[in-house]
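Shown below is the structure under consideration.
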Amino acid sequence: NQVIEYEDSVINAYVADSFPEMKKSGQGFWYWNMSNTKGHLLKENDACRVSVTIYDLDGVLCDKQDMKIKIGKNQIFKGLDDGLRLLVRGDNAWFVFPWYLAYGLKGNGDKVPPYTSLKVYVKVYRDF
């Protein structure tokens, strides 16, 4: 799909300029785990408490939430749910998600417009 290929090229250039330490995941988003805490990776049905700060690629704050979630239960957008599986309790990480792994065609109400790729900072708390 040409739209997805174009978006990927935009994000590749953005990451190269802004986050050269990021790696691309097999699912198609970019991530940088700044902590590399020792422990077990989060997995399906794990409950965790996270702080999530969401920006568009221009750096405009879209949303900030502290929440308790269960991995794999559709409580957050798909890309972030997959991204959390690369982290352990106590980690801090940056992610860049193309719009099709974020809120997609619909956006998220008045917080995130449709077709918006996102830069997301996540802190996974040690406690639940």
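The values are calculated or read from the model by the stated rules, or taken from the named source; none is laboratory data. Computed from a predicted model, the values in this text were never measured in an experiment. With ideal geometry, Cβ positions are generated from the backbone for all residues, glycine too; neighbour counts draw on all protein chains shown. The protein model used for the area step is the full one, side chains on, heavy atoms only, and it has no ligands, DNA or RNA in it. Shrake-Rupley method; radii C 1.70, N 1.55, O 1.52, S 1.80 Å.
Would you confirm whether any residue within segment 68-82 is part of a loop (DSSP other than H, G, I, E, B), open to solvent by 20 Å² or more (accessible area, probe 1.4 Å) and touching a residue at least 60 places away in the same chain (Cβ under 8 Å)?
no
Yes or no, residue by residue, for (1) more than 10 Å from the chain's Cα centre (by Cα); (2) under 18 Å from residue 11 (Cα atoms); (3) modelled with pLDDT of 95 or more; (4) charged (D, E, K, R):
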{"residue": "24", "(1), (2), (3), (4)": "yes, yes, yes, yes"}
{"residue": "45", "(1), (2), (3), (4)": "yes, no, yes, no"}
{"residue": "53", "(1), (2), (3), (4)": "no, no, yes, no"}
{"residue": "58", "(1), (2), (3), (4)": "yes, yes, yes, yes"}
{"residue": "63", "(1), (2), (3), (4)": "yes, no, yes, yes"}
{"residue": "79", "(1), (2), (3), (4)": "no, yes, yes, no"}
{"residue": "84", "(1), (2), (3), (4)": "no, no, yes, no"}
{"residue": "90", "(1), (2), (3), (4)": "yes, no, yes, no"}
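Only one of these conditions is not met by residue 30: (1) more than 17 Å from residue 125 (Cβ to Cβ); (2) of a type in the set (A, V, I, L, M, F, W, C); (3) open to solvent by less than 30 Å² (accessible area, probe 1.4 Å); (4) touching a strand residue (DSSP E or B) at 6+ places or on another chain (Cβ under 6 Å). Which number is it?
With (1) more than 17 Å from residue 125 (Cβ to Cβ); (2) of a type in the set (A, V, I, L, M, F, W, C); (3) open to solvent by less than 30 Å² (accessible area, probe 1.4 Å); (4) touching a strand residue (DSSP E or B) at 6+ places or on another chain (Cβ under 6 Å) applied to residue 30, the lone miss is (3).
Go through the residues of segment 88-107 one by one and say whether even a single one is under 26 Å from residue 20 (Cα atoms), touching a residue at least 40 places away in the same chain (Cβ under 8 Å) and open to solvent by 60 Å² or more (accessible area, probe 1.4 Å).
yes
Another question, then. Give the number of residues within segment 100-128 that are modelled with pLDDT of 95 or more, closer than 30 Å to residue 38 by Cβ and part of a loop (DSSP other than H, G, I, E, B).
Qualifying residue count, segment 100-128: 2.
Now a separate question. Restricting attention to segment 69-120, which residues are under 17 Å from residue 29 (Cβ atoms) and either in contact with a His (Cβ under 8 Å, 6 or more places away or on another chain) or basic (Lys, Arg) (or both)?
Answer for segment 69-120, where residues must be under 17 Å from residue 29 (Cβ atoms) and either in contact with a His (Cβ under 8 Å, 6 or more places away or on another chain) or basic (Lys, Arg) (or both): 78, 85, 119.
Just give me the residues in segment 43-64 being farther than 20 Å from residue 114 by Cβ, free of Cβ contacts under 8 Å to residues at least 40 places away in the same chain and in a strand (DSSP E or B), in sequence order.
Selection gives 64 alone.
Here is a list: 52, 3, 112. Which entry is open to solvent by less than 30 Å² (accessible area, probe 1.4 Å) and either more than 18 Å from residue 126 (Cβ to Cβ) or among the basic types (Lys, Arg) (or both)?
112
Given the criterion out of contact with any Gly (no Cβ under 6 Å at 6 or more places or on another chain), part of a loop (DSSP other than H, G, I, E, B) and over 14 Å from residue 117 (Cβ atoms), identify the matching residue among 28, 39. Give the derivation first.
Working: 28 fails: over 14 Å from residue 117 (Cβ atoms).
Criteria check complete, one pass: 39.
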